[in-house]
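Engineer: Dropping a structure here in structure tokens format, bear with me for questions.
The values are calculated or read from the model by the stated rules, or taken from the named source; none is laboratory data. Note that the structure is predicted; figures quoted are calculated from it, not measured. Positions of Cβ are generated from backbone atoms using ideal geometry, with glycine treated the same way; all protein chains shown enter the neighbour counts. Keep in mind that these areas ignore ligands, DNA and RNA; they rest on the heavy atoms of the full protein, side chains included. Shrake-Rupley method; radii C 1.70, N 1.55, O 1.52, S 1.80 Å.
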Amino acid sequence: MRASLIQIGVDQDEPVEARRARAASLVREQAAADLVVLPELWTVGAFAFDSFTAAAEPVRGPGARTAEAMSEAAREARVWLHAGSVVERATGESGEAVYYNTALVFSPDGELAATYRKIHRFGFDRGEATLMSAGAEPVAVPLPDTTLGLATCYDLRFPELFRALTDAGAQTLVVSAGWPERRAAHWSLLVRARAVENQAYVLACGTAGAHAGVPQAGRSVIVDPWGETLAEAEDAEEQVVAADLDPAYVAKVRADFPVLRDRVLR
Ligand SMILES: NC(=O)CCC(=O)C(=O)O
């Protein structure tokens, strides 16, 4: 199973519409892959908080511009597409607008197969943490050859989410991110930790460029269930990081070195 991570450049000078078209064409170029992954909030920029509400869009129906473009790209390339995340505009219980950082997964037919609303919002008492509502449900997505477990950026710091995804059957953990350069060492360490402790593939896709003046780490990486790096971006330039995954290898590592079986606390 071939996975391609598109570490797309997010530059505030590029209009969102142009980046959307560019992302769709980058996805189409990955038609040889089975699974393609884009990063977090690549339309607006993960740190462009001031633009979040203006850039918000529904994930279905009229005005779902990113979902429409990504559905078409997935269908044309015939790939499973984790299209990164968008600022989702939804309606609250009293009819008010509420916002989520929502990841979208499309099937090769272009169907919206799953959405995941980011559970852990970044920013402490500012930015995303105050502008967005939190998701509540971990999401695992069965594909023909593997089951994906979905996580978004800051989620990477919360191992209990990844364990819940593993318990839900995930064998390939996808982290879609807009991780900053200044904490690149945490990114590299935590991605490998999540792979080793869950004995799962981790596909961690970041962005290139800078969002609202925050330089990005890039360093998108694919790590196998034994913690070996299969492919990695060495910098924060726009590029594609790709590797072949062997879905059977997850079961082999879990059987040969049965750490998950030895859990005591649940
Ligand atoms: N967009 C994010 O979730 C950023 C997370 C981050 O910067 C960190 O965890 O460090």
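Engineer: Within the range 205-224, identify whether any single residue is at pLDDT 95 or above, basic (Lys, Arg) and within 16 Å of the chain's Cα centre (by Cα), and answer yes or no.
Structural biologist: Scanning the range 205-224, I find at least one residue that is at pLDDT 95 or above, basic (Lys, Arg) and within 16 Å of the chain's Cα centre (by Cα), so the answer is yes.
Engineer: Scan the range 216-230 and tell me whether some residue there is touching a Lys or Arg at 6+ places or on another chain (Cβ under 8 Å) and closer than 18 Å to Thr147 by Cα.
Structural biologist: Yes: one or more hits.
Engineer: Is it the case that some residue within the range 11-33 is within 16 Å of the ligand (Cβ to nearest atom) and open to solvent by less than 10 Å² (accessible area, probe 1.4 Å)?
Structural biologist: The answer is no, given that none of the residues of the range 11-33 is within 16 Å of the ligand (Cβ to nearest atom) and open to solvent by less than 10 Å² (accessible area, probe 1.4 Å).
Engineer: Would you confirm whether or not the range 42-52 contains a residue that is more than 16 Å from the ligand (Cβ to nearest atom) and either among the hydroxyl-bearing types (Ser, Thr, Tyr) or in contact with a Gly (Cβ under 9 Å, 6 or more places away or on another chain) (or both)?
Structural biologist: No, the range 42-52 contains no residue that is more than 16 Å from the ligand (Cβ to nearest atom) and either among the hydroxyl-bearing types (Ser, Thr, Tyr) or in contact with a Gly (Cβ under 9 Å, 6 or more places away or on another chain) (or both).
Engineer: Follow-up question, since we're still on this one. With Glu96, Glu57, Glu72, Glu76 as the choices, which residue is open to solvent by 50 Å² or more (accessible area, probe 1.4 Å), free of Cβ contacts under 8 Å to residues at least 40 places away in the same chain and more than 24 Å from Leu173 (Cβ to Cβ)?
Structural biologist: From the options Glu96, Glu57, Glu72, Glu76, the qualifying one is Glu96.
Engineer: Collect the residues in the range 205-234 that are in a strand (DSSP E or B), touching a Phe, Trp or Tyr at 6+ places or on another chain (Cβ under 6 Å) and open to solvent by 10 Å² or more (accessible area, probe 1.4 Å), keeping them in residue-number order.
Structural biologist: Step one: filter the range 205-234 for residues in a strand (DSSP E or B), giving 205, 208-211, 214-216, 221-223, 229-232.
When the remaining residues are screened for being touching a Phe, Trp or Tyr at 6+ places or on another chain (Cβ under 6 Å), the result is 211, 214.
Passing the criteria: only Val214.
Engineer: Go through the range 34-65 residue by residue and tally those that are in a strand (DSSP E or B) and under 22 Å from Arg219 (Cα atoms).
Structural biologist: Total satisfying the criteria: 3.
Engineer: Kindly indicate whether any position in the range 14-33 is out of contact with any Phe, Trp or Tyr (no Cβ under 9 Å at 6 or more places or on another chain), part of a strand (DSSP E or B) and not polar (S, T, N, Q).
Structural biologist: no
Matching residues to (1) over 21 Å from Glu29 (Cα atoms); (2) without any contact (Cβ under 8 Å) to a residue 60 or more places away in the chain; (3) of a type in the set (Val, Ile, Thr):
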| position | (1), (2), (3) |
| --- | --- |
| Glu181 | yes, yes, no |
| Ala193 | yes, yes, no |
| Gln199 | yes, no, no |
| Thr207 | no, no, yes |
| His211 | yes, no, no |
| Gly218 | no, no, no |
| Gly227 | yes, yes, no |
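Engineer: If you check Asp145, Asp125, which single one turns out to be part of a loop (DSSP other than H, G, I, E, B), more than 10 Å from the ligand (Cβ to nearest atom) and touching a residue at least 40 places away in the same chain (Cβ under 8 Å)?
Structural biologist: Within the list Asp145, Asp125, the selection yields Asp145.
Engineer: Filter the range 166-204 down to the residues that are within 16 Å of the ligand (Cβ to nearest atom), in a helix (DSSP H, G or I) and small (Gly, Ala, Ser) and list them by number.
Structural biologist: Ala184, Ala185, Ser188, Ala193, listed by residue number.
Per-residue answers, yes or no, for (1) among the hydrophobic types (A, V, I, L, M, F, W, C); (2) surrounded by fewer than 24 Cβ atoms within 10 Å (Cβ to Cβ):
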residue	(1), (2)
Phe106	yes, no
Ile119	yes, yes
Thr130	no, yes
Gly135	no, yes
Pro138	no, yes
Pro142	no, yes
Leu148	yes, no
Phe158	yes, yes
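Engineer: Does the range 153-160 contain any residue that is assigned to a helix (DSSP H, G or I), among the basic types (Lys, Arg) and within 18 Å of the chain's Cα centre (by Cα)?
Structural biologist: Yes: the range 153-160 contains one or more residues that are assigned to a helix (DSSP H, G or I), among the basic types (Lys, Arg) and within 18 Å of the chain's Cα centre (by Cα).
Engineer: Output yes when any residue across the range 173-189 is in contact with a strand residue (DSSP E or B) (Cβ under 6 Å, 6 or more places away or on another chain), surrounded by fewer than 18 Cβ atoms within 10 Å (Cβ to Cβ), closer than 20 Å to Arg117 by Cα and modelled with pLDDT of 95 or more, and no when none is.
Structural biologist: So far as the range 173-189 goes, no, none of its residues is in contact with a strand residue (DSSP E or B) (Cβ under 6 Å, 6 or more places away or on another chain), surrounded by fewer than 18 Cβ atoms within 10 Å (Cβ to Cβ), closer than 20 Å to Arg117 by Cα and modelled with pLDDT of 95 or more.
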